[in-house]
Amino acid sequence: MKQIKLALLSTAIVLSLSACKEELVQQSSSAESAPSNPSDHVISAAEQLNTLVSNYFDEGLAFNPVGGTFLGRAEYNNQFIAPINETNITKKRDFYLSYQQQLAQIDKSSLTGQELLSYEILARDLALILQGQQFPSHLMPINQMSGAHNTFAGFGSGKSAQPFNTAQDYIAFIERADAYTAWLQSVENMMREGIKQGVVLPKPLAEKLLPQFQAHIVSNASESLFWGPIDNFPEDFTQQQRVEISAGYNQMIMQTLVPAYQRMSEFLANEYIPSSRESIGYSALPNGKAWYEYEIKKHTSLELSADEIHQIGLGEVERILTQMKEVKQTVGFEGDLKAFFQHLRSSDEFYYDTPEQLIAAYEQVKAKIDAKVPLLFNVAPKADYIVKAVEAYRAESAAGASYQAPAPDGSRPGIFYINTFNLKAQPKFLLETLSIHEAAPGHHFQIALQQEIEGLPLFRKFGGYTVFAEGWALYAESLGKELGLFTDPYMWYGRLADEQLRAMRLVLDTGFHAKGWTRQQGIDYMLANSSMALSDVTAEVERYIAWPGQALSYKLGQFKIQELRDYCKKALGNKFDIKEFHTQILVDGALPMPILEAKIKRWVAAQK
């Protein structure tokens, strides 16, 4: 659901962090760092590493100018991702290989504290990225859930990270549009090559892509999403600026973007969709079994097989069904669980009548939760977040909810997106659990805090791991009762429903990509084991098909964090402090699970 998207994530709160930033760094340092010797003039391993990771981040932005814009780096606002071709693929691979070789020259044995974590993280990242080069992901560069085509549209709407404050900002986007169309042409080239090699999207996903491009084919520039910044000129623009920029945007839309969207739409309709595959799992692709195993490792950072994960999922689904039956009995519903699910899906009492009512309800829950989080946390981000409806142009294919991080400079709050496309997919009983997951103390706490921690290398400050971010958010949901929430039985059912969603993901993701499950089989399984609406189930199923391995991260990450909490509680006994445990989980930003486990065990050992 929640990017993840990813993005790449996703992916942010309210109390002041200013008094605790230094404390956070000191806590991490005191437990793991040795003081440097100021008289030592030899460049230490720590200094070498800090220089290397700084260069790695800065040079890496050349491959990711879109990320540069999200970071507020104005010099990237007129650029886009380089066209996908063999030259650029090789250039990127050589970049990672070079840094892997440089990192190997640094003496890891002399590193402690943050430097040791940075070394371990970067070494793992580089090895994994290079391992992934064997799989032709560039032949499926976009899908209905993720792709820079949607990010670009968000930028152009004037409602995302792309700034439109000065005349130069407007010009920068026109230049970015030229770069975007070059990238989009390369996407078409790669997808056409994918047809030749048998590496294509499943047909349902390819079909969902088409309307995303067709939506931008207009006959008048003022009808375009990209006209949004023209409708919202800054007040200080002169009349001449308005006239000249409007003319430039009319030309950009009608002569650059509309033709590009028209070409891509025709390619999808006439060539790609007819050539897309009937199979849905990665196991049906060339070298697909190994590719899926790689995706599991990439997204979870754990060494688990598809079979192991599938069995874990089946067990969790049954456990949660038992608890749902208890809720049914508590509320006095007569009938079996299937009938209870149908009651929850269809009864108007569980749904709002308008998008405005839905958004207002989440804003009320926000205030309630914000007042509760100090019970379990002694840290919170400075950045606040807002609740906002998903934009209409992407609502049909978007997840039910998602999170977007705040601007690093504090100029833009985090955004908790609610999809109001289908109000029957947004039941009232999800209000508390979804707020916890996406906002506080879930994604918003973890991601915004990570951006605000002083002294964290930028590649960690703005990086992340699905298993950590989503595992934390699901673990945060499990704190609901400790925070005084879920007192209403239907709200508790909402928590179970959300947990059930994540448990079913273990079954379906492995079922699709390792066990030959069909799309319809996945839909039937979710409808039988949850009260989710058909439209929501369909979007979820197609998401798992599009993002193999990503959906495994939630439950597996939650399991690991809970396992570490249990370990700390047993090891520390009366010295265990839940607020301090949460600080230690969050203090160093997102970590792969094996590195987080080693770090927590060092922290425990230091207290004995």
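For segment 387-406, the set of residues classified as farther than 17 Å from residue 70 by Cβ and either at pLDDT 80 or above or acidic (Asp, Glu) (or both) consists of 387, 389, 390, 392, 395, 396, 400, 401, listed by residue number.
Among the listed residues 190, 145, 140, identify the single one that is touching a His at 6+ places or on another chain (Cβ under 6 Å) and not acidic (Asp, Glu). Please lay out each step first, then the result.
Details: 145 fails: touching a His at 6+ places or on another chain (Cβ under 6 Å); 140 fails: touching a His at 6+ places or on another chain (Cβ under 6 Å).
Result of the check over 190, 145, 140: 190.
Reported count of residues in segment 534-553, each being buried (at least 22 other Cβ atoms within 10 Å of the Cβ) and of a type in the set (Val, Ile, Thr), is 2. Considering 339, 260, 247, the condition of being assigned to a helix (DSSP H, G or I) and within 31 Å of the chain's Cα centre (by Cα) is satisfied by 260 alone. Remark: pairs (first residue in segment 317-337, over 26 Å from residue 556 (Cβ atoms); second residue aliphatic (A, V, I, L, M) and in a loop (DSSP other than H, G, I, E, B); Cβ separation under 9 Å; 6+ apart in sequence or on different chains) are absent. Taking each residue of segment 164-188 that is under 25 Å from residue 268 (Cβ atoms) and looking for partners that are modelled with pLDDT of 95 or more and β-branched (Val, Ile, Thr) with beta-carbon atoms closer than 7 Å, six or more apart or interchain, yields 177/256; 178/256; 181/256; 183/81; 186/84; 187/84; 187/142. Would you tally the residues in segment 72-97 being surrounded by fewer than 19 Cβ atoms within 10 Å (Cβ to Cβ) and within 22 Å of the chain's Cα centre (by Cα)? Here the count works out to 2.
Starting from residues that are within 29 Å of residue 202 (Cβ to Cβ) and not basic (Lys, Arg), keep the ones in segment 554-565 and report whichever is surrounded by the most Cβ atoms within 10 Å (Cβ to Cβ). Out of the qualifying residues, it is 554. Tell me, yes or no, whether segment 568-579 has at least one residue that is closer than 28 Å to residue 375 by Cα and touching a His at 6+ places or on another chain (Cβ under 7 Å). Looking for residues that are closer than 28 Å to residue 375 by Cα and touching a His at 6+ places or on another chain (Cβ under 7 Å), one finds none in segment 568-579, hence no. Across segment 404-454, the number of residues qualifying as out of contact with any strand residue (DSSP E or B) (no Cβ under 8 Å at 6 or more places or on another chain), aliphatic (A, V, I, L, M) and over 16 Å from residue 501 (Cα atoms) comes to 4. Within segment 506-533, residues that are surrounded by 21 or more Cβ atoms within 10 Å (Cβ to Cβ) sit with their Cβ atoms under 7 Å from residues that are of a type in the set (Asp, Glu) and modelled with pLDDT under 95, at 6+ positions apart or across chains, in these pairs: 526/540. When restricted to residues that are within 15 Å of residue 164 (Cβ to Cβ) and polar (S, T, N, Q), segment 228-278 contains 3. Among the residues of segment 544-574, those identified as assigned to a loop (DSSP other than H, G, I, E, B) and closer than 16 Å to residue 304 by Cβ are 548, 549.
Of the conditions (1) out of contact with any Asp or Glu (no Cβ under 6 Å at 6 or more places or on another chain); (2) farther than 30 Å from residue 118 by Cβ; (3) of a type outside the set (Lys, Arg), residue 590 satisfies every one except a single condition; which number is it? So residue 590 meets the others, but not (2). Selection of first residues in segment 406-418 that are basic (Lys, Arg) and of second residues that are assigned to a loop (DSSP other than H, G, I, E, B), restricted to Cβ pairs under 7 Å at least 6 apart or on distinct chains, gives the following pairs, ordered by first then second residue: 412/406. When residues in segment 375-400 are screened for being farther than 18 Å from residue 361 by Cβ and assigned to a loop (DSSP other than H, G, I, E, B), 14 of them pass. Could you check, for segment 78-95, whether at least one of its residues is in a helix (DSSP H, G or I), among the aromatic types (Phe, Trp, Tyr) and modelled with pLDDT of 95 or more? Checked segment 78-95: at least one residue is in a helix (DSSP H, G or I), among the aromatic types (Phe, Trp, Tyr) and modelled with pLDDT of 95 or more. Quick one: in segment 422-478, of everything that is part of a loop (DSSP other than H, G, I, E, B) and among the aromatic types (Phe, Trp, Tyr), which residue is farthest from residue 376 (Cα to Cα)? Across segment 422-478, the extreme among qualifying residues is 462.
The C-beta contact set for segment 534-560 (first residue at positive phi, second residue among the β-branched types (Val, Ile, Thr), distance under 8 angstrom, 6+ apart or interchain) comprises 549/296; 549/300. Filtering segment 372-395 to residues that are over 17 Å from residue 444 (Cα atoms) and either polar (S, T, N, Q) or touching a His at 6+ places or on another chain (Cβ under 9 Å) (or both) leaves only 393.
The values are calculated or read from the model by the stated rules, or taken from the named source; none is laboratory data. Bear in mind the structure is a predicted one, so any value in this text is a computation, not a measurement. Virtual Cβ from ideal backbone geometry, glycine too; neighbours counted across all protein chains shown.
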